[in-house]
Every structure is written in structure tokens, then in C-alpha cells.
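The values are calculated or read from the model by the stated rules, or taken from the named source; none is laboratory data. Quick caveat: nothing in here was measured; it's all calculated off a predicted structure. A quick note on method: Cβ atoms are made from the backbone with ideal geometry, for glycine too, and the neighbour counts reach across all protein chains shown. Surface accessibility is based on the protein's heavy atoms, side chains included, excluding ligands, DNA and RNA. Shrake-Rupley method; radii C 1.70, N 1.55, O 1.52, S 1.80 Å.
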Amino acid sequence: SERAFAGGLGTESDPYQIATAEQLDQVRHYLNENFVLTADIDLSGYENWQPIGTFQPLSEAPEDAETPNPELAFTGSFDGGGHTIANVKINQPSGWAIGLFGCAVGTESEPGSIHDLTVENVDVTGFYLVGGVVGLQNTNFTVENVALTGSNTVRGLQGIGGVVGTSFDTVRGCTAVADVVAMGDDGAC
């Protein structure tokens with residue numbers, strides 16, 4: 001894993017360091033670890049970015065329909081370090097939990113977070129739970145001091161937003177400039 005990142009051990013005190021787009025793309029293989037951005041990243045080389053952390057219901061039970069399986073979601077921490085991730089393109093018109101990070105959730109004992117990050121120029125299309133930075137932010141997960149800047153369009157049917165598509169927890173100190181487009185005759189939220 002040392003080779004996958006610029007440095008660090010993935011712990012809270014010594015997070016994995018991300019300096020390139022290729023390293024950011026590796027985060028999806030270490031969903032429960034801690035990360036810090038050490039440089040600005042340009043994702044224009046990715047024509048259809050795969051969101052980090054995917055949504056799958058915890059079980060078939062109706063009450064679990066919007067509760068994510070934490071094994072597949074991003075459950076760690078991502079410190080943007082004041083850096084910028086630019087040019088995020090995602091086109092998954094039938095996708096659930098779509099964004100730079102798709103699905104994020106924490107636990108009471110180990111809460112997760114994405115903070116101190118700027119994301120610039122997103123063009124994101126999903127179906128349900130669609131955001132420029134996070135599609136679905138579930139419980140025990142904080143999104144803080146995240147700015148969505150530049151030219152941004154987020155499209156989906158339901159649960160759509162600039163920074164976060166749908167949130168079940170704390171979002172603070174965030175700003176967004178975005179065109180948010182509800183698609184379909186019954187598009188909402």
C-alpha cells in the first residue's frame with residue numbers, strides 16, 4: 001500500500017498522502033482508511049469517474065432500503081488539506097449514490113469525514129442520491145468546509161445537490177455554485 005500512495009500509513013495520525021489522480025483512484029481499495037490530499041488533482045483524464053464508495057442496501061428488508069452496507073461505502077476520513085480536485089466527469093444515468101464519493105457512512109465509535117476540500121468543475125449525472133462531492137452521506141459522517149466552485153452541473157431524478165445529494169448527518173461550512181437539474185416527470189428533492 002505504500003506504493004499506492006505518496007506516503008503515510010492510513011492511520012488518523014499518519015494518513016495516506018495523495019498527490020496524483022492515480023493515487024486518488026486507489027482510495028476505493030482502502031475505503032476504511034484515512035487520507036490527506038497533498039497537492040491539487042486534475043481528473044480530466046477520467047472520462048467517467050467511478051465514485052469512491054458504492055451504495056448497496058444493508059439487507060432486503062424494507063427498513064434497510066436506504067441504509068448502506070458499510071463494507072462497500074467510504075467509511076474513512078478524507079482531509080482535502082485546502083487543495084482542489086478539478087474536472088470530475090461522471091455519467092451514470094441509472095446509478096445510485098453518484099458523486100466524487102458515492103456513498104459515505106461512519107459508526108459511532110469510528111465516525112467518518114470529508115473536510116477542507118475544494119472541488120471545481122463537476123459534470124455529474126446519476127439517477128438517485130446524486131451530488132457533486134458526495135452522493136449519499138449517511139449517519140456518523142461529517143462533510144465540513146467543502147467548496148464546490150467553477151462551472152458545475154449535477155443531474156438526477158431524486159436526492160440531488162451541489163456538495164451532497166442526500167445527507168443524514170452534519171454538513172457545515174460548505175458552499176456550492178451549481179446547476180442542479182431534476183430529470184424525469186417525477187423528479188424531486
Review point. So how strong a dipole does the range 41-189 carry about its Cα centre when Lys and Arg Cβ are +1 and Asp and Glu Cβ are -1, to the nearest 20 debye?
Key: 360 debye
Point to revise | Read-out Kirkwood radius over Cα pairs in Å, derived from the coordinates shown; its label in (1) 22.4; (2) 16.0; (3) 19.7 | key: (2)
Review point. Using mean Cβ contacts within 10 Å as the protection proxy, how do 116-126, 76-86 order, highest first?
Key: 116-126, 76-86
**Study point:** Of all accessible heavy-atom area on the chain, the percent that carbon and sulfur account for (1.4 Å)
**Key:** 46 percent
Practice item. Find out how many positive minus negative residues lie around residue 179, taking Lys and Arg as positive, Asp and Glu as negative, among other residues whose Cβ is under 12 Å from that of residue 179. Key: 0
Check your understanding: For the range 1-48, what is the accessible area per residue in Å² when the probe is 1.4 Å?
Key -> 55 Å²
Exercise for review: Could you please put 16, 46 in sequence from largest to smallest accessible area, using a 1.4 Å probe?
Suggested key: 46, 16
Exercise for review: Calculate the length of the line joining the C-alpha centroid of the range 43-83 to that of the range 91-109, in whole Å.
Suggested key: 3 Å
